[in-house]
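The values are calculated or read from the model by the stated rules, or taken from the named source; none is laboratory data. The structure presented is a predicted model; accordingly, all values stated were derived computationally and were not measured. All Cβ positions, glycine included, derive from the backbone under ideal geometry; neighbour counts span all protein chains shown.
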Amino acid sequence: MRIRATVAAVSGALALSALAVPAAQASGDASHDPAATLKALQQATAGRSALTGNTTYDTGTPYALDAAISGVKINNGKPIVAGTTNKVTVPVTFKVTHAADVDVNAADTEVDLLIYRGAYDNPSNILWGDKLPVCSDTSDTVATCKGTVDILPGEELWNADATSWKAIGWVIDWNDQIDADLGDIDWNKVGYYEGDALATTKLQRYSKLTVNAAPEPVKKGKTITVTGKLSRANWDDGKYHGYTVQPVKLQFRKKGSSTYTTVKTIKTSSTGTLKTTVKASADGYFRYSFAGTSTTPAVTTAGDFVDVK
């Protein structure tokens, strides 16, 4: 199981629960912790960005690597939606442009990207992939890369995380020091590029919606009661709770038709439940449809058929 990175604000910087060595990054396994690598690099560069601490290494300063990351696309440009338990694997693609003498596929070169939320100098949470991205050279100076951001909602998310996130990426040339302990690295030999706010994405809480139209069958002109419930993932306790006071459309599709029309719009109760009545007019399907909010995706039920006699 991947252990959640515990983050806390310390003197205006992000402190992590542990600091990994470069070799852990190169392994590409589920234990890889890019935030720790980034913190180490930024400590060595005298704290010039978000994931840094107060202590700097006195064994040199990384030089500026002639490389840049661009064209970052997270989840194919769509919001990331997470429930309470299932792991979410989010595709990430980007391009690396670099000098001809920079080999992004060398054993001692690391290319990675993570997403974070909050201020650049004080992030509130960070998420990354279980493995390093895979890059393919398209020319001597350009590579296209594919990776993932892997999310374990029960371990890594809070409700406050349903907001906008930014991507930060880097290219590191360790220059044959990939297996060295951090304290033994000669940072003067390390080449480093970092790009912040390379792209943005939204994280949303998975939503559920139910519908039940009754009685079935029903006589024409009689009352049909349509009930349901709108709920969404609660990352604070790992459960689903009703989404309260939200507008939801009741829609109807007549038997033989392919088009739903909106009958009325009602709001969910203080517990997320829905209840309304209509008069039976013809055989058909009733459904509820929720348009979504910035924190919660849209959801529509399947149609519930009512036979009108």
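Exactly one residue out of 96, 111, 90, 102 is modelled with pLDDT of 95 or more, in contact with a Leu (Cβ under 8 Å, 6 or more places away or on another chain) and outside any loop (DSSP other than H, G, I, E, B): that is 111.
Residue 265 falls short on exactly one of the conditions (1) surrounded by fewer than 15 Cβ atoms within 10 Å (Cβ to Cβ); (2) assigned to a loop (DSSP other than H, G, I, E, B), and that condition is (2). When you look at residue 163, is it polar (S, T, N, Q), under 21 Å from residue 108 (Cα atoms) and touching a residue at least 12 places away in the same chain (Cβ under 8 Å), yes or no? No.
Among the conditions (1) buried (at least 21 other Cβ atoms within 10 Å of the Cβ); (2) more than 30 Å from residue 98 (Cα to Cα); (3) among the polar types (S, T, N, Q), residue 201 misses just one, which is (2).
Checking each residue in segment 290-309 for being among the polar types (S, T, N, Q) and in contact (Cβ under 8 Å) with a residue 60 or more places away in the chain picks out 294, 295, 296, 300, 301.
Residue-by-condition table, conditions (1) in a strand (DSSP E or B); (2) more than 29 Å from the chain's Cα centre (by Cα); (3) more than 30 Å from residue 152 (Cα to Cα); (4) of a type outside the set (Val, Ile, Thr):
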residue: 229; (1), (2), (3), (4): yes, no, no, yes
residue: 240; (1), (2), (3), (4): yes, no, no, yes
residue: 249; (1), (2), (3), (4): yes, no, yes, yes
residue: 277; (1), (2), (3), (4): yes, yes, yes, no
residue: 293; (1), (2), (3), (4): no, no, no, no
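Criterion applied to 134, 111 was being surrounded by fewer than 15 Cβ atoms within 10 Å (Cβ to Cβ) and touching a strand residue (DSSP E or B) at 6+ places or on another chain (Cβ under 7 Å), and the one residue passing it is 134.
Could you tell me whether any residue of segment 86-96 is farther than 30 Å from residue 298 by Cα and either aromatic (Phe, Trp, Tyr) or outside the structural domain of residue 243 (by TED's automatic domain parsing) (or both)? Yes, the conditions are met somewhere in segment 86-96. The set of residues in segment 187-219 that are under 30 Å from residue 173 (Cα atoms) and in a strand (DSSP E or B) comprises 191, 192, 193, 194, 195, 200, 201. Within segment 197-216, residues that are at negative phi sit with their Cβ atoms under 6 Å from residues that are among the basic types (Lys, Arg) and assigned to a strand (DSSP E or B), at 6+ positions apart or across chains, in these pairs: 200/166; 205/232; 207/232; 210/229; 211/287. Within segment 223-231, can one find any residue that is among the charged types (D, E, K, R), closer than 26 Å to residue 79 by Cα and in contact (Cβ under 8 Å) with a residue 24 or more places away in the chain? Yes.
The one condition from (1) touching a residue at least 24 places away in the same chain (Cβ under 8 Å); (2) out of contact with any Phe, Trp or Tyr (no Cβ under 9 Å at 6 or more places or on another chain) that residue 190 does not meet is (2).
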